[in-house]
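For reference, the structure is listed below as structure tokens.
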Amino acid sequence: MTLASEILKSMQTVLPQGGGFLPLHEPVFPGNELAYTKECIDTTFVSSVGKFVDQFENMLADYTGAKRAIAVTNGTAALHMALMLAGVKNGDEVIIPGLTFVATANAVAYIGAIPHIADSEETTLGLDAAKLDAHLSEVAEVRNGECFNKQTGRKIAALVPMHVFGIPSDIEGLLTLCEKFSIPMVEDAAEAIGSFYKGKHCGLFGKVASLSFNGNKTITTGGGGAILTDDDELADLCKHLTTTAKAPHKWEYFHDMIGYNYRMPNINAALGCAQMEKLDDIIVSKRKLAEAYAAAFANIKGVRFLTEPDGCKSNYWFCTIILEKGMEAERDSILEATNGAAYMTRPLWTAMHKLPMFENCPRTDMSVAESLEKRVINIPSGAGILGV
Ligand SMILES: *Cc1c(COP(=O)(O)O)cnc(C)c1O
């Protein structure tokens with residue numbers, strides 16, 4: 001039997017068959033989604049006024065343990081804000097993984113900053129702290145408590161771990177690095193709501209972090225995102241900046257900064273509140289699916305199912321299989337066989353340093369990312385598959 005047909009057969013033991021095309025990640029609406037959004041329509045409060053935004057922000061803070069959460073229009077806007085709040089400025093460099101969704105790099109570019117692209121590790125698919133340490137020891141120097149790239153002269157203003165597919169990155173290794181080189185950490189936790197590193201929710205390790213509630217994420221608000229921080233001053237500034245920086249007044253329009261229209265509409269937050277009520281159930285279902293996949297793939301040679309590191313809890317946003325080195329040639333036949341059997345499967349993103357707008361950015365050796373690019377496959381992962 002070929003590897004592709006072995007993998008397909010194992011997937012068939014886990015997944016429903018004959019139900020039509022099974023997407024990579026479908027949203028589920030098992031609770032009060034309809035009731036809360038209907039309430040917005042019935043009361044006309046669908047947009048910038050209404051109770052659901054505050055309620056959603058409080059639910060996010062309660063669940064994650066962050067002191068404050070600020071809801072915005074999408075995860076990209078959330079990361080843009082998070083980077084600004086961490087002090088990233090035009091002309092700075094920001095360390096990001098090469099293996100990420102393009103929004104991570106775009107948010108850096110919106111500020112006029114330059115992505116400094118770093119390699120990933122095979123175990124978590126996140127930033128490789130040891131490799132980055134060796135790289136920074138060569139190219140970076142710390143002056144007056146700030147880190148500079150000796151080769152470009154630019155300040156390295158932030159380091160952005162991204163918790164790939166909900167698997168927590170090597171936070172301890174990366175925090176040690178941030179301390180050693182005086183670089184603030186800003187987590188892109190877009191994929192990681194419900195993921196915990198040693199008991200603490202992802203997104204709570206740096207100064208500020210971002211989440212996403214896009215339609216394909218673990219929970220959705222249609223489109224949406226949030227900023228997490230423990231710093232009240234940053235949180236207040238964030239709320240101000242994301243709501244056009246309007247000074248509070250009964251009738252006057254006075255804006256004291258260049259603000260952004262990044263506020264999450266009430267109707268999206270209504271959906272978010274209903275989803276938060278079901279988040280625990282959604283994650284139980286997704287983790288059950290991951291467990292079933294792990295068992296189904298356990299005895300197939302040449303492939304491993306990506307599991308959470310010891311001490312960490314993953315939301316298993318996207319379930320992932322990784323081909324062993326040397327098996328790269330099998331990838332396309334696996335994609336062919338599974339998609340042909342109506343199971344949506346997808347390869348990894350193209351790494352950031354290969355995209356035309358980021359190809360000249362400073363970077364580490366990218367050999368692991370380039371190898372993983374050819375070996376990673378995402379498989380159907382929605383909470384609807386085993387049900388909520
Ligand atoms: C989804 C995602 C984003 C952006 O979220 P949107 O809500 O789609 O703007 C950012 N970074 C990563 C890693 C993501 O997966």
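Secondary-structure-derived ellipticity at 222 nm for the chain, considering helices only, amounts to -10500 deg cm²/dmol, per-run term -39500 (n - 2.57) for DSSP H runs with n ≥ 4. Using alpha-carbon positions, what is the distance between the centroids of segment 150-224 and segment 293-330, in Å? Comparing the Cα centres of segment 150-224 and segment 293-330, I get a distance of 22 Å. Along each principal axis, taking the top coordinate minus the bottom one, the Cα set of segment 213-318 gives 67, 25, 21 Å in descending order.
Using the per-residue mean of other Cβ atoms lying within 10 Å as a proxy for protection, in what order, highest first, do the peptides 117-125, 269-277, 361-369 fall?
Descending packing order for the listed peptides: 269-277, 117-125, 361-369.
State whether segment 13-109 is rounded, prolate or oblate according to the following rule on the C-alpha gyration tensor (a ≥ b ≥ c being the square roots of its eigenvalues): a/c under 1.5 gives rounded; otherwise a/b larger than b/c gives prolate, and the remaining case gives oblate. Taking the square roots of the gyration eigenvalues as a ≥ b ≥ c, segment 13-109 is oblate. Straight-distance candidates among the aspartates and glutamates for linking to Lys150, with alpha-carbon spacing under 19 Å and chain neighbours fewer than 8 residues away dropped: Asp92, Glu93, Asp133, Glu138, Glu141, Glu179, Asp365. Just so you know, the Rg over Rh for segment 120-260 is 1.05, from Cα atoms, with Rh as the Kirkwood radius. Take the alpha carbon gyration tensor of segment 182-224, find the square roots of its eigenvalues, order them as a ≥ b ≥ c, and report rounded if a/c is under 1.5; if not, report prolate when a/b exceeds b/c, else oblate. Oblate, since a/c reaches 1.5 and b/c is not below a/b. Taking every Cα-Cα distance in segment 1-57 and sorting them into 10 Å bins from zero, the calculated P(r) comes out as 17, 29, 18, 16, 16, 5, 0 percent. Is there a pair in Lys51/Lys239; Lys51/Lys288; Lys89/Lys278 whose C-alpha atoms are over 27 Å apart, and which pairs would that be? Cα-Cα > 27 Å for Lys51/Lys288; Lys89/Lys278; rest within. Ordering Met327, Phe45, Gly91 by Cα displacement along the dipole of the chain toward the positive end leaves Phe45 in first place; charges were set at the Cβ atoms of Lys, Arg (+1) and Asp, Glu (-1). For the chain, a Gaussian network of Cα nodes joined below 10 Å ranks Gly222, Gly199, Gly98 by mean-square fluctuation, and the top entry is Gly199. Counted residue by residue at 0.36 nm each, then reduced by the alpha carbon distance between them, the extension gain from Arg304 to Glu122 reaches 64.4 nm. Across the chain, the fraction of Cα-Cα pairs farther apart than 30 Å, rounded to a whole number, is 41%.
Within the shell of other residues whose beta carbon sits under 13 angstrom from the beta carbon of Ser10, the net charge comes to +2, with Lys and Arg scored +1 and Asp and Glu -1.
Using +1 on the beta carbon of Lys and Arg, -1 on that of Asp and Glu, and nothing else charged, what's the dipole of the chain about the Cα centre, debye to 20?
The dipole of the chain has a size of about 360 debye.
For Lys374, a cut-off of 20 angstrom between C-alpha atoms picks up these lysines, skipping any fewer than 8 places away in its own chain: Lys301, Lys325, Lys354. Here the Gaussian network model covers the chain, with springs between Cα atoms less than 10 Å apart; of Asn299, Asn339, Asn149, Asn299 fluctuates the most. Per residue, the accessible area of the chain comes to 41 Å² when a 1.4 Å probe rolls over the protein heavy atoms. Of all alpha-carbon pairs in segment 264-388, indicate the percentage at a distance above 18 angstrom. When all Cα pairs of segment 264-388 are counted, 64 percent exceed 18 Å. Taking a ≥ b ≥ c as the square roots of the eigenvalues of the Cα gyration tensor, an a/c ratio of 1.5 or more together with a/b no larger than b/c marks segment 300-341 as oblate. Of the residues Phe213, Ala292, Ala270, the one whose Cα sits farthest toward the positive end of the charge dipole of the chain, with +1 on the Cβ of Lys and Arg and -1 on the Cβ of Asp and Glu, is Ala270. For segment 68-150, the direction-averaged projected area of the alpha-carbon convex hull comes to 6.6 nm². Fraction of C-alpha pairs exceeding 12 angstrom in segment 252-302: 77 percent, rounded to a whole number. Just the protein heavy atoms count here, and of the accessible area of the chain at 1.4 Å, carbon and sulfur take up 52 percent.
The values are calculated or read from the model by the stated rules, or taken from the named source; none is laboratory data. Keep in mind it's a predicted model, so treat the numbers as computed, not measured. Methodologically, a virtual Cβ is constructed for each residue, glycine included, from the backbone with ideal geometry; neighbour enumeration extends over all protein chains shown. For accessibility, only protein heavy atoms count, side chains too; no ligands or nucleic acids. Shrake-Rupley method; radii C 1.70, N 1.55, O 1.52, S 1.80 Å.
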